[in-house]
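Single-structure report; data block below.
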Amino acid sequence: MTRPELPQAYAERMRSLLGEEYAAYEKTYEQPVRQGLRLNRRKITAEKWEQIRPFLGEKIPWVANGYYIENGQEELPSRHPYYFAGLYYLQEPSAMTPASRLPIREGDYVLDLCAAPGGKATELAGRLAGSGLLLANDLSSSRAKALLKNLELTGAANIYVTSETPQKLAENLPEFFDKVLIDAPCSGEGMFHKEPKMIQYWEEQPPSYYAKIQKELILLGTRMLRPGGMLLYSTCTFSPEENEEVIADLLEQNPDMALVPIESYSGFSPGFPIRGASEERNRALKNCVRIFPHKMPGEGHFLALLQKKGTAGNRKEKASPSAALPACAEEFLKLVKLDFSQGIFQLEREKLYFLPGKSRLPKLRYLRTGLYLGEVKKNRFEPSQALAMALSPETFASCVELDSRDLRTVKYLKGETLDVSDLVRPGQKGWQLVCTDGYALGFGKLSGGSLKNKYYPGWRLQ
């Protein structure tokens, strides 16, 4: 593997930070990049994955649902039917850490402020297990669309996806969230090995450029955090200017915020002291976590977990009325065995949504509000791909089950009509949930043994 040429200023700073460990750090650039996948807690357990997994790779020891992917495997994980069934998310191993270390409880309202493309948000959704809500935001509309797709792949229903400025979110949702995750835009020093082009970006926009953005983001994040709530700040860079100094600045401006210890692992390193800070402040900064590639098999990360002082009272929300269901939608939903009692229906321009909770959020730039159920078209109801991903053979009235090794599975993912006469009961017809090895892929419409493909065109396998 060709070692990238590190900028001199970066190399000198890392030598100063790491001391005698620098040689071991530099040697990691000669090693292959480690790839990983993180299981979708909503759909599959580690025990079940061990029984069916098509890819070799040991468990990631500090992330309960993470696995390494061995390099050079014949089948690409991004093209296997299990990927399209939302069983896992492909993610760099150390990047799995932040979402695993934010303590999520049932019913929490959670914000992922810089969420695209969805690596952290999909795990947060999985850990909520259908309770509470997750608001996943990204300022870039195009990136937010990728975020939405990745969340819908997981089958998450209790989501809001926005493309808003953090300032507007803070103005509209003060002290609203129990948990906040900020995986901040950064200079990406932990990506130099995986994506050498990041070196050029680093030279054009150094750590000082990002530090200003990060300090503003974390201040806005604290404004949206309820008393007693917790905020996790992370980056994929090594610069103290973007890490410990951002945290120290927050603590200086917000005495109601305090660093708290993070669930440990033997390979974690403590945060660095910063020049000019008090002994007490530097002692607190040791609660931050640094992941270095010469100590752990991953590319590197920084994490800090903070808690806002105080105790939150009961959340006051004004209940909103649920929309009346069109007859065709009501008839279709009789096929669905999901609990719709803990939310409200919303109908907008013939599109039907199911929103978590009993109230609507403030007016923002939404890409998605709750679970998109489908569209009313001339008195008939067309269910959505998002609804299919939220279902399972146990929660839909009629299914067509494909083996993941059956060529018809790939044909379905490519949008082709299938002959499934050997797989269905006599007289079976109408809307079908198409599954592979027991996991939903999408919808189809069955007539006389022929399955008309309803897999969403924008997701089709190319």
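General observations
- Additional length obtainable on full extension of the chain from Arg3 to Arg405, 0.36 nm per residue less Cα span: 140.8 nm
- Model label zone, Lys48; criterion: amide N under 11 Å from point 7 Å along Cα-to-beta-carbon; scope region 378-409: 392-394
- Average accessible surface for region 1-160: 42 Å² per residue, computed with a 1.4 Å probe over protein heavy atoms with every protein chain in place.
- Rh by Kirkwood over Cα pairs, then Stokes-Einstein D for region 330-461 at 1.567 mPa s and 4 °C, µm²/s: 82 µm²/s
- The shape of region 137-281 comes out oblate: with a ≥ b ≥ c from the C-alpha gyration tensor, a/c is at least 1.5 while a/b does not beat b/c.
- For peptides 110-117, 309-316, sequence by mean Cβ density within 10 Å, most packed first: 110-117, 309-316
- Rg and Dmax of the chain, based on Cα coordinates, read 23.5, 78 Å.
- Extreme residue, positive dipole direction of the chain, given options Ile182, Ser266, His301 (C-beta unit charges): Ile182
- Along each principal axis, taking the top coordinate minus the bottom one, the Cα set of region 39-125 gives 40, 25, 24 Å in descending order.
- Peptides 14-24, 278-288, 403-413 ranked from most to least packed, by the mean per-residue count of other Cβ atoms within 10 Å: 403-413, 278-288, 14-24.
- Gained length - Lys429 relative to Tyr209, 0.36 nm times residue gap less alpha-carbon distance: 73.3 nm
- Solvent-accessible area, 1.4 Å probe, carbon plus sulfur percent, for the chain: 48 percent
- Segment Lys197-Lys452, extension gain: residue separation times 0.36 nm, minus the distance between their alpha carbons: 87.4 nm
- Summary of packing: across the peptides 150-163, 47-60, 173-186, the per-residue average of other C-beta atoms within 10 Å ranks them, highest first, as 150-163, 173-186, 47-60.
- Cross-link partners of Lys48 among lysines, defined as those whose alpha carbon lies under 16 angstrom from its own and excluding same-chain residues fewer than eight positions apart: Lys59.
- Over region 201-339, the hull volume per residue, using the convex hull of the C-alpha atoms, is 228 Å³.
- The relative contact order of the chain comes to 13 percent, based on Cα pairs under 8 Å that sit 6 or more residues apart.
The values are calculated or read from the model by the stated rules, or taken from the named source; none is laboratory data. Just so we're clear, the structure is a prediction, and the values are computed from it rather than from any experiment. Using ideal geometry, Cβ is built from the backbone for each residue, glycine included, and neighbour counts are taken over all protein chains shown. SASA here: full protein model, heavy atoms, side chains in, ligands and nucleic acids out. Shrake-Rupley method; radii C 1.70, N 1.55, O 1.52, S 1.80 Å.
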